[in-house]
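So the structure is just underneath, and the comments pick up after that.
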Amino acid sequence: MMGHVSTTMKYPSFFDEAPRLTLYDPLSAFLGATEDGLVEYSYLDAVKLAGHSCPTVAGAYLMTLRALEYLYQGEIPVRGDIDVGLDQEASNGVAGVVASVASLLTGAAGEGGFKGIAGRFERRDRLAFGMDIDGEIRFRRRDTGSGVVASLNAAAVPPRADARPLLQRVLGGGASPAESQEFRRLWQERVRQFLIGHAGDPDVILLRPTS
């Protein structure tokens, strides 16, 4: 039998500096998974889910955080009590990645989601694609019906000019170790700009109230 090899996950330090989100999850409280049902999420959780860190993952994370801040106005958001709808179909563009991050944080799931316990705590059929909305992703509180549409203005945080040629060299297999390292640094530096420099920037995370 092979023994367990202990490793330490290493990642950019700014992941820990990014805004965090605390929600109340009634299912977690009911089953005793967390004390008082409070669950905290970090950007690292989104990275682990997606398997990578990029502007799309960072944008989905920030759109969800800012939308929930808007909808709950200082109150702790209730995980599992939020409907999520995307403008694109699941197979289009990065819709699947955005949806997976939003689902992680809100608990909203599609038809394969949790069916509930004795009519409570259901999470399925609360995530939809191909919605007719003026924006990228809509969040709606099930208790009040209030909603907000969020969009990411990624062009407001453009990549460095030297990042693209480095990307092409890495993809083509002709990059040196130093060039590969520099590409990774530039890539994550742009992600850092989203999460740290523009986390609360209304020109980057666009919100529009909706019903």
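With respect to Asp203, determine if the residue is closer than 25 Å to Leu68 by Cα and at pLDDT below 95. No.
One residue alone among Ala67, Ala58 is small (Gly, Ala, Ser), open to solvent by less than 60 Å² (accessible area, probe 1.4 Å), in contact (Cβ under 8 Å) with a residue 12 or more places away in the chain and in contact with a helix residue (DSSP H, G or I) (Cβ under 6 Å, 6 or more places away or on another chain), and that residue is Ala58. Those strands (runs of 3 or more DSSP E) of the stretch 1-109 in which at least 1 residues are farther than 22 Å from Arg192 by Cβ and in contact with a Phe, Trp or Tyr (Cβ under 7 Å, 6 or more places away or on another chain), considering only elements entirely within it, cover 38-41, 82-86. Scan the stretch 115-166 for residues that are surrounded by fewer than 18 Cβ atoms within 10 Å (Cβ to Cβ), aliphatic (A, V, I, L, M) and in contact with a helix residue (DSSP H, G or I) (Cβ under 6 Å, 6 or more places away or on another chain) and the total you get is 2. Just to be sure, is Thr34 closer than 30 Å to Thr8 by Cα and at pLDDT 95 or above? No, not satisfied. Taken over the stretch 174-205, the criterion of being of a type in the set (Gly, Ala, Ser) and open to solvent by 70 Å² or more (accessible area, probe 1.4 Å) is satisfied by Ala178 alone.
Restrict the check to the stretch 105-113 and report whether at least one residue is farther than 29 Å from Arg184 by Cβ and open to solvent by 30 Å² or more (accessible area, probe 1.4 Å).
yes
With respect to the stated conditions, Leu171 fails to be among the aliphatic types (A, V, I, L, M), surrounded by fewer than 18 Cβ atoms within 10 Å (Cβ to Cβ) and touching a residue at least 24 places away in the same chain (Cβ under 8 Å).
Residues in the stretch 99-151 that are more than 20 Å from Val39 (Cα to Cα) and of a type in the set (Phe, Trp, Tyr): 1 in all. Arg190 meets all of the listed conditions (1) part of a helix (DSSP H, G or I); (2) within 15 Å of Met63 (Cα to Cα); (3) not aromatic (Phe, Trp, Tyr) but one, namely (2). Among residues of the stretch 42-54 that are closer than 18 Å to Thr106 by Cβ and modelled with pLDDT under 95, none has a beta-carbon under 6 Å from a residue that is charged (D, E, K, R) and in a helix (DSSP H, G or I) at least six positions away or on a different chain. Restricting attention to the stretch 111-170, the residues that are more than 19 Å from the chain's Cα centre (by Cα), assigned to a helix (DSSP H, G or I) and small (Gly, Ala, Ser) total 1.
The values are calculated or read from the model by the stated rules, or taken from the named source; none is laboratory data. Every value quoted in this text rests on a predicted model; they were computed, and no experiment measured them. Backbone-built Cβ (ideal geometry, glycine too); neighbour counts: all protein chains shown. Surface accessibility is based on the protein's heavy atoms, side chains included, excluding ligands, DNA and RNA. Shrake-Rupley method; radii C 1.70, N 1.55, O 1.52, S 1.80 Å.
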